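Engineer: Before I ask anything, here is the structure I am working with.
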Amino acid sequence: MKHNATLKDIAKLFLKLGIIGFGGPAAHIAMMQDEVVIKRKWFTEQHFLDLVGATNLIPGPNSTEMAIHIGHEKGGWKGLIIAGLCFILPAVFITGFFAYLYKQYGQIPEVQPFIYGIKPAIIAIILGAIFPLAKKSLKSAELIIIGLLVLAGALLSIYEIYLMFGAGFLALLLAYLRNSKQNNINGFLPFTLLQITNTVPLSVANANLFWIFLKIGAILYGSGYVLFAFLDTELVSTGFLTRQQLIDAIAVGQFTPGPVFSSVTFIGYQINGWSGAIVSTIAIFLPSFAFVALLNPIVKKMRNSKLFSAFLDAVNVASVAIIIAACFDMGKETITDWRTVLIAVLSITIAFGYKKLNSAFVVLGGSLLGYLLFQF
């Protein structure tokens, strides 16, 4: 690692990412890689990859946990809190504003023309950032094979966490067989997950909202989109939230920057006003801060162990493969006509040809071009 960072530097970076971070976890991580590896040189590519891989092994929103990791590495406990809050709060405030409008007027603003162009641009940003990480992670023929297997599994919609741990344990087994005399398997702690219950309290007061979202935040693996399956079970099927409100919450999460989990702010507001929004938001993100605080020192111990270094390398490759699969799926849904093809090609050309250009300009350019082309 190079270059020191002040708490002010951390705050400025993650406020910016929280404001311009459209496109979901893969896009957020791509933007972080561009900012902290390429531009600021706070991290080596290998260490950044290690954090990405390790973050995928624990529950919670991946990009939020990456922000917290980076803050902790560069600013200790204060950095951990500042990075997390600065990344989360812009999305929470924007979502809270939409939640208020929704409750007052019964609908969300029309933003489709802008989203039309943002999505292809986001794919370009992700591919531009994942390319150097892919080169760094594919260290051997063994890891290339593992990466291809995970990519195939991801395209077949196999659950992410199975792919992550499967890749890691396969590499661990192969490393053990190669180094059968090596018995130093230490520095790794299993993660205990909280058990979710199938019942929801009859009265969704703030205390109950807090408990519902705390346990979801503590057990939810994968991208933020998996969140909505949990919400359907916990709130819609029990009558505390309508399915239309849930669908609108999904829409808000997709067209606002920052973590998709900020949709919980919208949901909390619909159920119990501003106090419900605040309580729900704190509860869903709180486990991420705790998990990262526990995980961070373990990552270093894993890298220092020969066996678990192999485990981490395989998880890193799996993370890259899953992000590539996510781009493929996103592309199938997004790049559907000549307009989106044009935006995607231009964005990819800029992302790969002008690596020092801030990704915010790619997002802004895609949004404006999408708005203009949408009129035709």
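Engineer: Of K300/K355; K12/K41; K78/K301, which pairs sit farther than 19 Å apart, going by alpha carbon to alpha carbon?
Structural biologist: In this structure, K300/K355; K78/K301 lie more than 19 Å apart at Cα.
Engineer: Could I ask something else about it? Give me the percent of accessible area attributable to carbon and sulfur for the chain, probe 1.4 angstrom.
Structural biologist: 67
Engineer: Give me the percent relative contact order of the chain, please, defined on Cα pairs under 8 angstrom at least 6 residues apart.
Structural biologist: That works out to 31 percent.
Engineer: Can you give the extra length, in nm with one decimal, that the chain gains between L7 and T242 once fully stretched, where that is 0.36 nm per residue apart less the Cα-Cα distance?
Structural biologist: Difference between extended and current length: 80.4 nm.
Engineer: Among residues other than F289 whose Cβ falls under 13 Å from its Cβ, what is the net charge (Lys/Arg +1, Asp/Glu -1)?
Structural biologist: Charge balance near F289 sits at 0.
Engineer: Find out how many positive minus negative residues lie around G166, taking Lys and Arg as positive, Asp and Glu as negative, among other residues whose Cβ is under 15 Å from that of G166.
Structural biologist: -3
Engineer: Rg to Rh for region 1-54: what is it, with Cα atoms only and Rh by Kirkwood?
Structural biologist: 0.96
Engineer: Considering all projection directions equally, how large on average is the shadow of the alpha-carbon convex hull of region 279-340, in square nanometres?
Structural biologist: That works out to 6.9 nm², a quarter of the Cα hull's surface.
Engineer: Shifting gears a bit: Can you give the charge dipole size of the chain about its Cα centre, rounded to the nearest 20 debye, using +1 on the beta carbon of Lys and Arg and -1 on the beta carbon of Asp and Glu?
Structural biologist: With only Lys, Arg, Asp and Glu charged at Cβ, the dipole is about 1200 debye.
Engineer: Another question about this same structure. Kindly report the accessible area of the chain per residue (heavy atoms of protein chains, probe 1.4 Å, no ligands, DNA or RNA), in Å².
Structural biologist: Solvent-accessible surface per residue comes out at 44 Å².
Engineer: Now for a different question. Which order, highest average first, do 213-220, 38-45, 309-316, 62-69 follow once you tally other Cβ atoms within 10 Å for each residue and take the mean per peptide?
Structural biologist: 62-69, 309-316, 213-220, 38-45
Engineer: Taking the chain as the region of interest, what is the percent of Cα-Cα pairs per 20 angstrom bin, listed from the shortest bin to the one with the maximum distance?
Structural biologist: The percentages, shortest bin first, are 29, 59, 12, 0.
Engineer: Using a cut-off of 28 Å between alpha-carbon atoms, which lysines can reach K103, once sequence neighbours fewer than 8 places away in the same chain are excluded?
Structural biologist: The reachable lysines, counting only those whose Cα sits under 28 Å from K103, are K119, K215.
Engineer: Is the shape of region 292-376 best called rounded, prolate or oblate, per the rule: a/c under 1.5 gives rounded, else a/b larger than b/c gives prolate, else oblate, with a ≥ b ≥ c the square roots of the Cα gyration tensor eigenvalues?
Structural biologist: prolate
Engineer: Here's another thing I want to ask about it. On a straight-distance basis, which aspartates and glutamates could pair with K135 in a cross-link, Cα separation under 20 angstrom, same-chain partners fewer than 8 positions away excluded?
Structural biologist: Cα-Cα hits under 20 Å: D34, E35, E45, D50, D313.
Engineer: Next question, about the same structure. Would you be so kind as to identify which of F376, I250, I10 lies farthest towards the positive end of the dipole of the chain, taking Lys and Arg as +1 and Asp and Glu as -1 on Cβ and the Cα centre as origin?
Structural biologist: I10
The values are calculated or read from the model by the stated rules, or taken from the named source; none is laboratory data. Values in this document were obtained by computation on a predicted structure and should not be read as measured data. Using ideal geometry, Cβ is built from the backbone for each residue, glycine included, and neighbour counts are taken over all protein chains shown. Each accessible area value is taken on the protein alone, full model and side chains, heavy atoms only, with ligands, DNA and RNA left out. Shrake-Rupley method; radii C 1.70, N 1.55, O 1.52, S 1.80 Å.
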